[in-house]
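The values are calculated or read from the model by the stated rules, or taken from the named source; none is laboratory data. Every value quoted in this text rests on a predicted model; they were computed, and no experiment measured them. Every residue, glycine as well, gets a Cβ built from its backbone with ideal geometry; the counts of neighbours run over all protein chains shown. Side chains are part of the model used for accessible areas, which takes the heavy atoms of the whole protein and leaves out ligands, DNA and RNA. Shrake-Rupley method; radii C 1.70, N 1.55, O 1.52, S 1.80 Å.
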Amino acid sequence: MPSPSDHEKRALRAELRERRHNLTSTEVEQATQGFLQNLQSLVTALDARSVSCYLSSTAEPNTRPFINWALASGIRVLFPISREDGLLDWTVGEQGVEKTGLWGMPEAVGELLGPIAINDVDLIIVPACAVDTQGTRLGWGRGYFDKTLGSMEKRPPVYAVVFDNEVLPEVPKEAHDQPVDGVVTPGRILDFSFE
């Protein structure tokens, strides 16, 4: 039976999906420039030589210019591949092409490196529909990243990518939800500390 938190999450996701859908092409273009600059700054500040990052769909903050920059800069990029068992595989996408994955999301095509390949990166960049100021991430409801992050013994910094108006005072939280260390928006980089 769905919990009250499930209903809250579903309603918030629907509202945020609608907001994203209503962005103008100019707003999206400006946001894309901000995401690129702030993700570059984050990678540089952390001196990350290997990152994991998702291929964005048209409804998500655009990570593609950042990925192109990272690859051109010699940074190793791992891309998530959804599996039917709820885990993520990873690939470096050496074929340079993409396909539609299990849930209709774009995924890189390449040799599958297995779920533990994520343990070798310096920075994890995850999708989200919202993040609150305590570092609670609201994903899209499949649980892939929560499972992945929850199973890591020693995880590198994890940053979610959302639009400026998707950093909220609070989002619904359940026991399995994994916190993020920070958030990247077009306008800023927010760091949360979990002592």
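Condition first: buried (at least 18 other Cβ atoms within 10 Å of the Cβ) and in contact with an Asp or Glu (Cβ under 7 Å, 6 or more places away or on another chain). Can you find one or more residues in the stretch 30-38 that meet it? For the stretch 30-38, residues buried (at least 18 other Cβ atoms within 10 Å of the Cβ) and in contact with an Asp or Glu (Cβ under 7 Å, 6 or more places away or on another chain): absent. Highlighted here are the strands (runs of 3 or more DSSP E) found entirely within the stretch 85-191 that include at least 3 residues which are surrounded by 15 or more Cβ atoms within 10 Å (Cβ to Cβ): 88-91, 106-108, 123-127, 130-132, 158-161, 182-184. The lone criterion from (1) under 21 Å from residue 140 (Cα atoms); (2) within 19 Å of the chain's Cα centre (by Cα) left unmet by residue 34 is number (1). When every residue of the stretch 13-24 is checked against the conditions, at least one turns out to be surrounded by fewer than 18 Cβ atoms within 10 Å (Cβ to Cβ), acidic (Asp, Glu) and within 18 Å of residue 166 (Cβ to Cβ). Of the set (1) modelled with pLDDT of 95 or more; (2) open to solvent by less than 80 Å² (accessible area, probe 1.4 Å); (3) out of contact with any Pro (no Cβ under 9 Å at 6 or more places or on another chain), all apply to residue 76 but (2).
So which of 45, 31, 59 ends up being at pLDDT below 95, on the phi < 0 side of the Ramachandran plot and of a type in the set (A, V, I, L, M)? Result of the check over 45, 31, 59: 59. Checking every residue in the stretch 46-64 against the condition of being farther than 24 Å from residue 101 by Cα and open to solvent by 70 Å² or more (accessible area, probe 1.4 Å) gives at least one match. Cβ-Cβ distances below 7 Å connect the following pairs, each with a first residue in the stretch 57-82 that is over 26 Å from residue 13 (Cα atoms) and part of a loop (DSSP other than H, G, I, E, B), a second residue that is open to solvent by less than 50 Å² (accessible area, probe 1.4 Å) and not aromatic (Phe, Trp, Tyr), and a separation of six or more residues or different chains: 75/43; 75/48; 75/50; 75/51.
Name the pairs whose Cβ atoms lie under 8 Å apart, with the first residue in the stretch 37-50 and within 15 Å of residue 120 (Cβ to Cβ), the second acidic (Asp, Glu) and assigned to a helix (DSSP H, G or I), and 6 or more positions between them or separate chains? Matching pairs, first to second residue: 50/120. Residues that are under 19 Å from residue 41 (Cα atoms) and touching a helix residue (DSSP H, G or I) at 6+ places or on another chain (Cβ under 7 Å): does the stretch 162-180 have at least one? Within the stretch 162-180, one or more residues are under 19 Å from residue 41 (Cα atoms) and touching a helix residue (DSSP H, G or I) at 6+ places or on another chain (Cβ under 7 Å).
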